[in-house]
1. Looking at the range 279-304, which of the residues that are under 19 Å from ILE241 (Cβ atoms) and under 31 Å from the mean Cα position of the chain (by Cα) is surrounded by the most Cβ atoms within 10 Å (Cβ to Cβ)?
2. May I ask you to list the residues in the range 60-89 that are in a loop (DSSP other than H, G, I, E, B) and free of Cβ contacts under 8 Å to residues at least 40 places away in the same chain?
3. Quick one: what pairs do we get from the range 141-158, first residue on the phi < 0 side of the Ramachandran plot and surrounded by fewer than 23 Cβ atoms within 10 Å (Cβ to Cβ), second of a type in the set (Phe, Trp, Tyr) and part of a helix (DSSP H, G or I), C-beta under 7 Å, 6+ apart or different chains?
4. Among PHE344, PHE354, which is farther than 21 Å from ILE68 by Cβ, in a loop (DSSP other than H, G, I, E, B) and in the same structural domain as GLN62 (by TED's automatic domain parsing)?
5. Evaluate the range 604-616: report whether one residue or more is more than 30 Å from SER235 (Cβ to Cβ), at pLDDT 90 or above, surrounded by fewer than 24 Cβ atoms within 10 Å (Cβ to Cβ) and of a type in the set (D, E, K, R).
6. So, in the range 539-564, of the ones that are more than 26 Å from the chain's Cα centre (by Cα) and in a helix (DSSP H, G or I), which residue ends up farthest from ASP136 (Cα to Cα)?
7. Of the conditions (1) under 17 Å from LEU340 (Cα atoms); (2) part of a helix (DSSP H, G or I), ASP262 satisfies every one except a single condition; which number is it?
8. Given the residues GLY129, GLY170, GLY196, which is the only one that is of a type outside the set (Ser, Thr, Tyr), buried (at least 24 other Cβ atoms within 10 Å of the Cβ), more than 17 Å from the chain's Cα centre (by Cα) and at positive phi?
Amino acid sequence: MKKLLSIAIAVSIFSHLLSGMAAANPRSGFRDPRSRFEPSKKAWAFAEKTVKKMTVEEKVGQLVHVGINARFANQESWFFKDLRRHVTENKIGGIIFFGAPIYETTHIANRMQEAAKYPLLMSLDAETGIGMRFEDATNFPWAMAVTATGNPEFARRMGVVTGREARAIGIQHVYAPVLDVNNNAANPVINVRSFGEDPEDVARFGVAFAEGIQSQKVIATAKHFPGHGDTNVDSHRGLPIIDLPRSRFDSLELVPFKRAVDAGIGSIMVAHIALPQIDGEEIRPLKDYRGGDAEAGAEIVSEKAYIPATLSAKVQTDILRKEMGFKGLIVSDAMSMSGLTLYFTQEEAGVRAFLAGTDILEKPEDVDAMLRGLRAAVASGRIPMARLDESVTRQIAWKHELGLFKDRFTPIDQIDRIVSSPDVTQLSDEIANAAITLVRQGEGDLPLDRSKKIAVLGISNGFDGGAVMNPLASTLRSNGLRFTQAYLQENSLQAQVDAARKAVNEADTVVVGLYGRVRSGARNSVGIPENGAAILREALADNKRVIGISFGNPYILMSFPEMKTNLVAYGDMPSLGRAAGRAILGLQPVTGKLPISLPGLHPRGTGLSLIGPKAISIPRPPFPPAARAIRAFGDVVVQATVNMDGTVATARVLSGHPLHRRASEDAAMKSRFEVSDSQSARYVTLIYRFSETADNLVCCEQYPYVIPVVAGPVEINFSRSFS
């Protein structure tokens, strides 16, 4: 047996290496992104034959997929043994992985695949690529940032990478894209995870992302059906109630899901949301609530509520299956979420979700209890055998189509050749650069005036200890900006609050990073702590020059309407921090447009377009003899002011080696540009790279980069089509 297993793993390594190399080449992917990905007739025939041989316990086990945070675990440890018990004794159908190191995840997945009689379906929330759960992988910007670029091709390319990297680490089922239409500014759980407030935007970008994922032979999942966007309750904490008629859902929430079904999405996740005008069954909270995903004490309990969509046959079977014609896998949202556990035991929740139409019961709070309930319901006849066979056959057919019955193991050796390659980081930066949105600008605020005293303050609803603002701060510093830095979170000490207030009071210009991020299950999701908000309000009251950047919830800007300059970065990903830093320094154009409206402030589509002079002649500076003598290399960044006739009025080095500064300034002064007559003042940033070639020391083999920005706003452009 061990010899056979060794041969199987060897074959697996070879086949995965071939598939990994194919996926890494954009011209040789598994299939065209727009082709349909679904089980073949052969897969269905195999599944039907296999299910006939399975015991009831094996069939029931396939329905349940457990959730874990992978880590190194000795095979004699409780963690390892308990997980293996679920695989071998409870005969579960799959595992969903949460935050963990990559190698440990793939290793334990292989161990569990080795222990399973039937191959396991491995899944992952990967809304921003696999970096959403793995810190050692590239984390793309949130969906809303992608829509802000106006380019659905970014979504498709991001999907291709997500699928490719998921397969490389042993994941076959991705729980993304989010197709919720975020039309509620108070939504604490969807927010920037959505592609926006317009259903056509959400459909266009979401389907492109899904097509990219499925082009890599990985199942994509549209969530959270039938739409979690118009809620002000986090379903990790309580049960949202959307009291709207079916006609409204047809015209708004269901639009992206219908488009995804038509495009061939492989699976759909159903939300823990109540829809009383669609299914009016009343429910009451349990008297012996045993916990869920909410922070302790953060639960939101409604004494009178309605059956959630996850347990509603009217939603899953009638609307999704019969009306919309969906034939793929129906997945529940996590069965541990308090929006469900407040009202139903795990035994009853599993049975009712399955009878409603669910194929995969994801992440139970109590795996054994849910399985007990399911087995008892089958034994009593409450769950008909035909219904059980239907879901198990569907899941086995997908596993066969994914190739898991031929090859269930993932070679560790391929991971560092596929995951987080330079092209992935480049794509993340491209998206971030195009996403940054300037929604308002005070006169003279941008680019930052380096002659002023500057403070950079980060205010976070997380507990990062300041690390979250490192991409912004390091970008500013590496480009020569001098500033005082401060950071506050909810539990900051009074001394830290005092230091932050002092830095802000002494500054001429304050850059405020608002890290009000989505924190599922937390009371303070999408908000910022009062200690930092109070200092910001004081600075605005004192008429300080304040530049606010939302690194998360864009609606947070509504709390500070006095702020004259604000940008939206949509998330705290490193690429967005870097892009925002370059934007406020004037080192890159700002072109993003809001995919949502900010009620009372700005409509959807708002974005200041910063357009600058076009380069005509950019002379290269010589490599100074003194610099040549000591082999001084590196970039020199020069900011120049351009006259109306295209000549350069002033040139000032922002950063770079002292021996290259004079030559760079002189070259910049000789540059010429084509300008329009719409602005009276313009800046350009030139970056000269002094490097060594095979036979010489030179400047600017591929440089200078010319990055035009203007001193003030060019236009407020509402014309970009979002339909």
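The values are calculated or read from the model by the stated rules, or taken from the named source; none is laboratory data. Just so it is clear, the model here is predicted, and its values are computed rather than measured. Cβ sites come from the backbone with ideal geometry, for glycine too, and all protein chains shown count toward neighbours.
1. Initially, the range 279-304 is screened for residues under 19 Å from ILE241 (Cβ atoms), giving 279-286, 289, 292-294, 298-304.
Add one more test, that the residue is under 31 Å from the mean Cα position of the chain (by Cα), and what stays is 292-294, 298-302.
On the way: GLY292: 21, ASP293: 22, ALA294: 24, ALA298: 17, GLU299: 20, ILE300: 17, VAL301: 14, SER302: 18.
For the range 279-304, the residue satisfying everything is ALA294.
2. Of the residues in the range 60-89, the ones in a loop (DSSP other than H, G, I, E, B) are 63, 69-77, 89.
Once the filter is applied, which keeps residues that are in a loop (DSSP other than H, G, I, E, B) and free of Cβ contacts under 8 Å to residues at least 40 places away in the same chain, the range 60-89 yields ASN69, ALA70, ARG71, PHE72, ALA73, ASN74, GLN75, GLU76, SER77, GLU89.
3. PRO152/PHE205; ARG156/PHE209
4. Details: PHE354 fails: in a loop (DSSP other than H, G, I, E, B).
Among PHE344, PHE354, only PHE344 is farther than 21 Å from ILE68 by Cβ, in a loop (DSSP other than H, G, I, E, B) and in the same structural domain as GLN62 (by TED's automatic domain parsing).
5. No; the residues of the range 604-616 include none that is more than 30 Å from SER235 (Cβ to Cβ), at pLDDT 90 or above, surrounded by fewer than 24 Cβ atoms within 10 Å (Cβ to Cβ) and of a type in the set (D, E, K, R).
6. Checking each candidate, the answer is ALA541.
7. Tallying (1) under 17 Å from LEU340 (Cα atoms); (2) part of a helix (DSSP H, G or I), ASP262 fails exactly one: (1).
8. Numbers: GLY129 fails: more than 17 Å from the chain's Cα centre (by Cα); GLY196 fails: more than 17 Å from the chain's Cα centre (by Cα).
The unique qualifying residue is GLY170.
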